[in-house]
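Here's the structure we're looking at; comments come further down.
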Amino acid sequence: MYRNRRKVCWICGASVKPSDNYCVVCAVTVTRESLTKAAQYGRIASHSPEAEVRRSETQRRHHAAKRAWRPSDLPDWLNEQVYREKIQPRLAEVTVPAISTALGVSGPYATDIRAGKRRPHPRHWKSCSGYRSSTAAS
Ligand SMILES: [Zn+2]
């Protein structure tokens, strides 16, 4: 019984492997076109008025929070050394999304904070110190 139906390219009709929808030549075109389209959509989305407004509002909030902050807002026990030696190492027990949400920072920035590559603004230190390991009692 002959059941092996010949499969052809959707665009030009050349015969293709049973697993493929396009021949090699057309596949290149199709892939390039869909990539270009996706890139265009991405650009449009990130430059939409809504996205611009969101971005500038986030920046304004961050700047306002920084301006409003005073070193005296830090509790006596909390200083750069305490952050570095006591708080930062504990962030390894906290997930990146949790840090990102608590501090209102981006995922990549939260990742760097967690890894100790960046030190968040002092106004964030207290939120960081609020984390407690589920196993440690102190
Ligand atoms: Zn083709």
Sequence order, the range 97-105: Karplus ³J(HN,Hα) from phi using 6.51 cos²θ - 1.76 cosθ + 1.60, θ = phi - 60°, Hz rounded, Gly and Pro as x, gives x, 5, 5, 4, 5, 5, 9, x, 10
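Averaging sequence separations of C-alpha pairs under 8 Å and six or more residues apart, then dividing by the length of the range 31-138, give the relative contact order as a whole percent.
On the way: 55 pairs, mean separation 27.5, N = 108.
Result for the range 31-138 is 25 percent.
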GNM flexibility winner over the chain from D73, D112, D20 (Cα, springs under 10 Å): D20
Which of Y83, S129, T111 sits closest to the plus end of the dipole of the chain, meaning its Cα is farthest towards the positive end, when Lys and Arg get +1 and Asp and Glu get -1 on the C-beta? T111
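Kindly provide the trypsin sites (Lys or Arg not before Pro) of the range 1-41 that DSSP labels as loop, not H, G, I, E or B, and whose Cβ sees at most 16 other Cβ atoms within 10 Å. Walk me through the numbers on the way to the answer.
Working: sites: R3, R5, R6, K7, R32, K37; in loops: R3, R5, R6, K7.
When the trypsin sites (Lys or Arg not before Pro) of the range 1-41 are filtered for loop state and at most 16 Cβ neighbours within 10 Å, R3, R5, R6, K7 remain.
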Step through the residues of the range 63-72 one at a time and calculate ³J(HN,Hα) from phi using the Karplus curve (6.51 cos²θ - 1.76 cosθ + 1.60, θ = phi - 60°), rounding each to whole Hz and writing x for Gly and Pro. 5, 4, 5, 5, 5, 6, 7, 10, x, 5
Rounded to the nearest 20 Debye, what is the dipole magnitude of the range 59-122 about its Cα centre when Lys and Arg each give +1 and Asp and Glu each give -1 at the C-beta? 300 debye
Distant-in-sequence amide H partners of V8 (H built 1.01 Å from N, under 5 Å): V16
Under the Karplus relation with 6.51, -1.76 and 1.60 and θ = phi - 60°, whole-Hz ³J(HN,Hα) for the range 49-57, x at Gly and Pro, equal x, 4, 5, 4, 4, 4, 4, 6, 5
Which of A51, A27, A110 moves most in a GNM of the chain, Cα contacts under 10 Å? A27
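I want to verify the translational diffusion coefficient of the chain in µm²/s; compute it with Stokes-Einstein, Rh as the Kirkwood radius over Cα pairs, at 37 °C and 0.692 mPa s.
Numbers: Rh = 19.9 Å.
Using the Kirkwood radius from Cα pairs, D works out to 165 µm²/s.
None of the figures in this text is laboratory data; all of them are computed from the coordinates on show. All figures in this text were calculated on a predicted structure; none of them were measured in a lab. Positions of Cβ are backbone-derived with ideal geometry, glycine not excepted, and every protein chain shown enters the neighbour counts.
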